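The values are calculated or read from the model by the stated rules, or taken from the named source; none is laboratory data. All values derive from a computational prediction rather than experimental measurement. Here the Cβ is made from the backbone with ideal geometry for all residues, glycine too, and neighbour counts use every protein chain on show. The protein model used for the area step is the full one, side chains on, heavy atoms only, and it has no ligands, DNA or RNA in it. Shrake-Rupley method; radii C 1.70, N 1.55, O 1.52, S 1.80 Å.
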Amino acid sequence: MTDALMPTYNRVDLSFEAGEGPYLITDQGDRYLDFASGIATTNLGHAHPHLVQALQAQAGRVWHVSNLWRIQESERLASRLAAATFADQVFFCNSGVEAFEAAIKLVRKYHDDNGQPGRYRVITVDGAFHGRSLNAISAAGSEKLLKGFAPQVDAFDHVGFNNTNELVNAITDETAAILVEPVQGDGGIRPADLEYLKALRRIADEHGLLLVLDEIQCGMGRTGKLFAHEWAGIAPDVMMSAKGLGGGMPIGACLATAEAAKGMTAGTHGSTFGGNPLATAVGNAVLDVMLAPGFLDGVDRVARDLWHRLQELAPRHASVIQEIRGAGLMLGIRCRDQVANTDLGAALRGHGLLTVPAADNVVRLLPPLVIDDSQVREAVDMIDAGCRQVAA
Ligand SMILES: *Cc1c(COP(=O)(O)O)cnc(C)c1O
């Protein structure tokens, strides 16, 4: 491995040359079933013909023009996202953390426009992950992310996840918004209780706060709905998307109601690349597939099959698996304390299955949403073998 890359990642020594649907093939010719999906990003698998076609077609026309001009693919993607969600308006950027920054700026501007500039603090929860900017690591509040980067941005108040009492007690005159992930990803695949999400909506309304949801990992079909909060039957005021939105093309988005976004007028925010023709052409192609009739129902069906098979497997490996948890195709294997998630991950890799570690000693299973029944069985067999190996 080269020393020329800043060593900020713990990389596994594998390098992939090609991908086919849910499979990745290394430069050595080894084939892996990809339940990492580039961290919940290649939600339609690798080399999806419709996405490849959309990117190639756009690449031959125009790549980039900036937001000095109108961008038709960007307008179309914004309209379609608005039509498919609670949102009226969309701001495009290039990554998750930029969607987070846009959301935080929007929140401040909303209260400032309402004549309450002192309301700027955002309540966030334990186990949260919102990206790696100084704001985002301060929002998460975890020691691990913040170490060495003091001082943290003093604009976030941290409370327990799935705990409404602590949250209500943390609200002050300076509170502007509540921010949670409907299903925590990096924090260890921890789903918010649906009743908790409903309560957050009520609390936000009672206190004049904006409800901001981070659906960067759990959105874009991953739980069997386009966005995970739909399971709770609530609508946020603001939502962040990225990862699966581009199926592997770098794109992020901050979605909001017209009321919440009313302060985001010309000149208040921007991005050179945001919503560029290449990224939004692919984003539209992703929506073509995900919004096709029956697609999300298919995700739900295959996810339930995987869930039942894992629930059946878990007690047979009680010395390795403490719990299976999650929602849809965003599942976590919580390892017993005596088994390191990275050891189980390495064993699974040895049997041909790629996964992602998470906090709380969890192995994340994030398959592409296009897996079929036989690939579910293939993965469960690999998990069976990996657990047997780790137990031995
Ligand atoms: C990945 C992720 C982010 C950050 O996205 P980047 O594209 O890495 O900046 C933020 N929030 C959640 C929930 C994520 O999973």
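Here THR172 meets each of (1) among the hydroxyl-bearing types (Ser, Thr, Tyr); (2) surrounded by 17 or more Cβ atoms within 10 Å (Cβ to Cβ); (3) over 23 Å from ALA235 (Cβ atoms) with one exception, condition (2). Picking from residues in region 45-54 that are touching a residue at least 12 places away in the same chain (Cβ under 8 Å) and open to solvent by 60 Å² or more (accessible area, probe 1.4 Å), the one that is farthest from ASN284 (Cα to Cα) is ALA47. Could you say whether any residue in region 91-112 is open to solvent by less than 40 Å² (accessible area, probe 1.4 Å) and more than 30 Å from ILE178 (Cβ to Cβ)? No, the conditions are met nowhere in region 91-112. Has region 121-143 got at least one residue that is over 23 Å from ARG190 (Cβ atoms), more than 21 Å from the chain's Cα centre (by Cα) and either of a type outside the set (A, V, I, L, M, F, W, C) or not assigned by TED's automatic domain parsing to the domain that holds ALA279 (or both)? Yes: region 121-143 contains one or more residues that are over 23 Å from ARG190 (Cβ atoms), more than 21 Å from the chain's Cα centre (by Cα) and either of a type outside the set (A, V, I, L, M, F, W, C) or not assigned by TED's automatic domain parsing to the domain that holds ALA279 (or both). Would region 366-377 turn up any residue that is open to solvent by 10 Å² or more (accessible area, probe 1.4 Å), touching an Asp or Glu at 6+ places or on another chain (Cβ under 7 Å) and modelled with pLDDT of 95 or more? Yes, that holds for at least one residue. Look at region 15-29: where a residue is of a type in the set (S, T, N, Q) and a partner is at pLDDT 95 or above, sitting 6+ places away or on another chain with Cβ atoms under 6 Å, you get SER15/ASP27; THR26/LEU14; THR26/PHE16.
Within region 252-275, the set of residues being part of a loop (DSSP other than H, G, I, E, B), in contact with a Ser or Thr (Cβ under 9 Å, 6 or more places away or on another chain) and within 18 Å of ALA83 (Cβ to Cβ) comprises GLY275 only. Entry remark, region 277-322: residues being over 22 Å from LYS225 (Cβ atoms) and assigned to a helix (DSSP H, G or I) number 11 in total.
The strands (runs of 3 or more DSSP E) falling completely within region 1-117 that include 3 or more residues that are away from the ligand (no atom under 16 Å from the Cβ) map to 16-20, 23-26, 31-34.
The numbered conditions (1) more than 30 Å from TRP69 (Cα to Cα); (2) open to solvent by 10 Å² or more (accessible area, probe 1.4 Å); (3) not β-branched (Val, Ile, Thr) are all true for ASP288 except (1). In region 113-124, the count of residues that are within 24 Å of GLY160 (Cα to Cα), surrounded by 20 or more Cβ atoms within 10 Å (Cβ to Cβ), touching a residue at least 40 places away in the same chain (Cβ under 8 Å) and hydroxyl-bearing (Ser, Thr, Tyr) is one or more.
Scanning region 365-392 for residues that are β-branched (Val, Ile, Thr) and part of a helix (DSSP H, G or I) gives VAL376, VAL380, ILE383, VAL390.
This table checks each residue for (1) within 12 Å of the ligand (Cβ to nearest atom); (2) assigned to a loop (DSSP other than H, G, I, E, B); (3) basic (Lys, Arg).
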position: ASP173; (1), (2), (3): no, yes, no
position: ALA176; (1), (2), (3): no, no, no
position: LEU197; (1), (2), (3): no, no, no
position: ARG201; (1), (2), (3): no, no, yes
position: ARG222; (1), (2), (3): yes, yes, yes
position: ILE234; (1), (2), (3): no, yes, no
position: MET239; (1), (2), (3): yes, no, no
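This table checks each residue for (1) farther than 22 Å from MET264 by Cβ; (2) touching a strand residue (DSSP E or B) at 6+ places or on another chain (Cβ under 7 Å).
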site: GLY148; (1), (2): yes, no
site: VAL168; (1), (2): yes, no
site: LEU179; (1), (2): no, yes
site: ARG190; (1), (2): yes, yes
site: LEU194; (1), (2): yes, no
site: ALA199; (1), (2): yes, no
site: HIS229; (1), (2): no, yes
site: ILE234; (1), (2): yes, no
site: VAL238; (1), (2): no, yes
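All of GLY221, GLY188 fail the test of being open to solvent by less than 10 Å² (accessible area, probe 1.4 Å) and within 16 Å of VAL125 (Cα to Cα), apart from GLY188. In this structure, is LEU134 within 15 Å of the ligand (Cβ to nearest atom) and either free of Cβ contacts under 8 Å to residues at least 40 places away in the same chain or touching a Ser or Thr at 6+ places or on another chain (Cβ under 8 Å) (or both)? It is true that LEU134 is within 15 Å of the ligand (Cβ to nearest atom) and either free of Cβ contacts under 8 Å to residues at least 40 places away in the same chain or touching a Ser or Thr at 6+ places or on another chain (Cβ under 8 Å) (or both).
Here LEU145 fulfils each of the conditions (1) within 13 Å of the ligand (Cβ to nearest atom); (2) in a helix (DSSP H, G or I); (3) open to solvent by less than 20 Å² (accessible area, probe 1.4 Å); (4) of a type in the set (A, V, I, L, M, F, W, C) apart from (3). Among the residues of this structure, HIS229 counts as one that is under 13 Å from the mean Cα position of the chain (by Cα), outside any loop (DSSP other than H, G, I, E, B) and under 26 Å from HIS111 (Cβ atoms).
Here's the yes/no breakdown for (1) touching an Asp or Glu at 6+ places or on another chain (Cβ under 7 Å); (2) open to solvent by less than 80 Å² (accessible area, probe 1.4 Å):
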residue	(1), (2)
ARG11	no, no
ILE25	yes, yes
ARG31	no, no
PHE35	no, yes
ASN43	no, yes
ALA57	no, yes
TRP63	no, no
ALA78	no, yes
